[in-house]
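Here the structure is laid out as structure tokens; the discussion comes afterwards.
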């Protein structure tokens, strides 16, 4: 089969090769083989390409967390009813290929009416957003803050939080994305390149703290967010994109830890605050049924027009470097994916 392999760590320009490799074997009891029609690209792939993601497989590696395609084979005959079905599935790597293996416990059948890009947006981005929101206790008129609000997860978070009636602050590094944020339900878009976002929020809301914060950046933003967070508020971390600007090694890792800083549990107790972490890959490993449940809920929200995924960034196999570069440099809004078959 044809696959995109990560052959070395580094820039998007020369880290990938398109090669012929064997079709993966079915090993675990609930494994199924999917003929891939399209696969998604996520920020974790950028981290893996740079050698900054410990969970990624050794080189040469096939990245990719999510695919849309047709089930062609099942390890256990009890899953033969899936053969021939069009499904959306999360994969533990291996998605950048014509065939991928995943567990039957974590996939769902999807209607033909749902386009590949839209379906892929539901997998990693909307699952992350849904599970992140579920870690909070947000209500109508609560003030919330979304980092990287124009990205895939940020787009999903804004739509889900708008349904709760929250007042949404959305951060972006580009003034050109302000209109996009407003159109996606963000009430108070902020361009972080103009002025410190913490100061902008304090000036706009002098008598109100933020009840929920969704942070995919890390670094110095942690300290700023804790200053903004209200008592009984929740800060959810689901990424550390700030790490992508640093090299591999112990010193950059220690520097990142220093920038984030530390907080004593007693302070959380006094203010009844919560700091939560979310790693979709870990959930997929330990409890794939949780993701399957989330995907079913998201399909229902999609069919009832409660959410509106954005998936305008479509690329071909040969454009993988361009897709990675654009995502890494915040050129896109919404979901980025590669279509193999329409």
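The values are calculated or read from the model by the stated rules, or taken from the named source; none is laboratory data. Just so it is clear, the model here is predicted, and its values are computed rather than measured. Neighbour counts run over all protein chains shown; Cβ positions are idealised from the backbone, glycine included.
Please indicate, with yes or no, whether at least one residue in region 250-258 is farther than 26 Å from residue 16 by Cα and either under 20 Å from the mean Cα position of the chain (by Cα) or at pLDDT 90 or above (or both). No; the residues of region 250-258 include none that is farther than 26 Å from residue 16 by Cα and either under 20 Å from the mean Cα position of the chain (by Cα) or at pLDDT 90 or above (or both).
In this structure, is residue 266 part of a helix (DSSP H, G or I) and under 15 Å from residue 128 (Cβ atoms)?
Against the criterion (part of a helix (DSSP H, G or I) and under 15 Å from residue 128 (Cβ atoms)), residue 266 does not qualify.
In region 143-200, what residues are within 19 Å of residue 227 (Cβ to Cβ) and out of contact with any strand residue (DSSP E or B) (no Cβ under 9 Å at 6 or more places or on another chain)? Residues satisfying the conditions are 195, 196, 198, 199. Please verify whether residue 319 is at pLDDT 85 or above, under 29 Å from residue 50 (Cα atoms) and assigned to a helix (DSSP H, G or I), treating the condition exactly as stated. Yes; evaluated as a whole, the condition is true for this residue.
Could you say whether any residue in region 109-116 is modelled with pLDDT under 95 and within 16 Å of residue 281 (Cβ to Cβ)? No: region 109-116 contains no residue that is modelled with pLDDT under 95 and within 16 Å of residue 281 (Cβ to Cβ). In region 269-321, of all residues being under 27 Å from residue 224 (Cβ atoms) and in contact with a strand residue (DSSP E or B) (Cβ under 7 Å, 6 or more places away or on another chain), the one that is surrounded by the most Cβ atoms within 10 Å (Cβ to Cβ) corresponds to 278.
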